[in-house]
Each structure stands twice: as structure tokens, then as C-alpha cells.
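Taking it in order: structure first as C-alpha cells, then the write-up.
Readers should treat all values here as calculations from the given coordinates under stated rules, not as data from a laboratory. Please read these numbers as outputs of a predicted model, since none were measured by experiment. FYI the Cβ positions are ideal-geometry reconstructions off the backbone, even for glycines, and counts take in every protein chain you see.
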Amino acid sequence: MTQDRAYRDALGCFPTGVALVTRADNGEARAMTINSFASVSLSPRLVLWSLARDSERFDAFAGAEHYAINVLAADQGPLSSACAMTDDLVSAGGRWTPGANGAPLVEGAVARFECTRVAVHPGGDHVIIVGEVTGFDMPRQTPALVFHKSSYGQAG
């Protein structure tokens with residue numbers, strides 16, 4: 001086993017939530033599966049997520065001024081997997097409504113955060129994107145989707 005693989009396996013021991021970052025693109029919804037979402041500050045309301053520099057979606061998502069973080073429900077594993085392969089939310093099976101900032105809000109998510117990008121910081125082979133939360137809701141009361149040791153599960 002290589003050290004890189006061993007490192008990834010060690011990181012996989014930490015269960016993480018699964019979310020979709022979404023942005024609007026000429027009236028269409030674009031999505032990207034992430035597990036790097038975290039709260040930064042309560043006042044002001046700031047959150048972060050990380051994006052690989054070598055991602056095919058890098059320019060489109062790193063440059064998005066407005067976006068949403070959609071925390072997926074435990075039954076949305078197939079949507080997460082599909083959005084890891086394609087950025088077209090609708091073709092991936094997702095349904096959405098536009099948020100106040102225009103970013104797509106995924107139906108069926110357990111929490112949704114509308115964000116305005118405030119900073120992009122270098123972070124090795126990733127960038128760390130910080131956004132100010134301009135709106136949020138919790139439309140569904142059900143366990144969240146988690147990722148642990150390369151498998152989906154549910155929180156709580």
C-alpha cells in the first residue's frame with residue numbers, strides 16, 4: 001500500500017457529512033458533491049468548503065460569486081454519486097428551486113445555505129472557499145447522509 005493510499009484510508013476513518021455545492025448557469029443548475037463543508041464563524045455567518053485545483057469543475061465553481069451548500073439526506077446517496085460524475089443537477093436526478101441569490105436549492109436536502117463568496121485561500125492541491133451565509137433553511141427532518149470508509153451511511 002502506498003503512503004498516499006494509506007493517508008486517504010486514515011482520513012476515511014473520520015465520518016463526514018455529504019453536501020452538494022450548487023450554482024446557477026444561465027438558468028440551469030450545476031452541482032458538485034463535497035464532504036469538506038464546515039462552519040467558520042457564527043457572526044458573521046461564514047462557512048467553507050474545499051475544491052481540488054485539478055477538478056474539471058474548478059473554474060466554474062471557484063469563480064461562482066453566489067452558490068448554495070445543500071446538506072443531503074440519508075436517502076440521497078444516489079444523487080451524491082451522480083453529481084460526482086456530472087455537474088448537471090437535473091440529469092443527475094435532482095430537483096431544485098432557485099434561492100434568493102439565484103443559486104439552486106436542492107429539494108429533499110436536510111439543510112440549505114445560500115452563500116456569497118468572500119474569500120478563496122490556497123490550501124495545497126485545493127483552494128478553500130469561504131462564503132457568507134445570506135440565507136438558510138432546514139426543509140426536511142430526517143437523518144443526514146454521511147461518508148465513512150468509502151461508504152455511505154446516515155447520521156444519528
- Query: When the chain is fully extended, how far beyond the present Cα-Cα distance does Thr97 get from Asp75, taking 0.36 nm per residue of separation?
  - Reply: 6.0 nm
- Rg and Dmax of the stretch 1-150, Cα atoms only, in Å: 14.8, 48
- Message: Please list, by residue number, everything in the stretch 117-156 whose backbone N is under 15 Å from a paramagnetic label point 7 Å out along Cα→Cβ of Ser41.
- Response: 117-121, 129-134
- Message: Return the equivalent ellipsoid semi-axes of the stretch 98-156 as a descending list in whole Å, where each equals the square root of 5 times an eigenvalue of the C-alpha gyration tensor.
- Response: 23, 21, 8
- Contour minus Cα-Cα distance for Gln3 and Glu65 (0.36 nm per residue): 18.7 nm
- Across Cys83, Cys13, Cys115, the residue with the highest GNM fluctuation in the chain (Cα network, 10 Å cutoff) is Cys13
- Pseudo-spin-label distance Ala84 to Asp25, built 7 Å along Cα→Cβ, given in nm, is 2.0
- Could you calculate the contour length gain from Ser55 to Cys13, that is, 0.36 nm times the residue separation minus the distance between their Cα atoms, to one decimal place in nm? 12.7 nm
- Query: Of Leu72, Leu42, Leu20, which is the most mobile in a GNM of the chain whose springs link Cα atoms less than 10 angstrom apart?
  - Reply: Leu42
- Note on the structure: Log entry: pair-distance distribution for the stretch 47-111, C-alpha pairs binned every 10 Å from zero, whole % per bin is 19, 53, 28, 0
- Message: Compute a Gaussian network model of the chain, connecting alpha carbons closer than 10 Å, and tell me which residue from Ala64, Ala109, Ala52 fluctuates the most.
- Response: Ala52
- Query: What ranking of Ser43, Ser81 emerges when the number of other C-beta atoms within 10 Å of each C-beta is taken as an exposure proxy, fewest first?
  - Reply: Ser43, Ser81
- Item | Neighbour-count order for Tyr7, Tyr67, fewest beta carbons within 10 angstrom listed first | Tyr7, Tyr67
- Item | Assigned charges on the beta-carbon of Lys, Arg, Asp, Glu; the stretch 3-149 dipole about Cα centre (debye) | 340
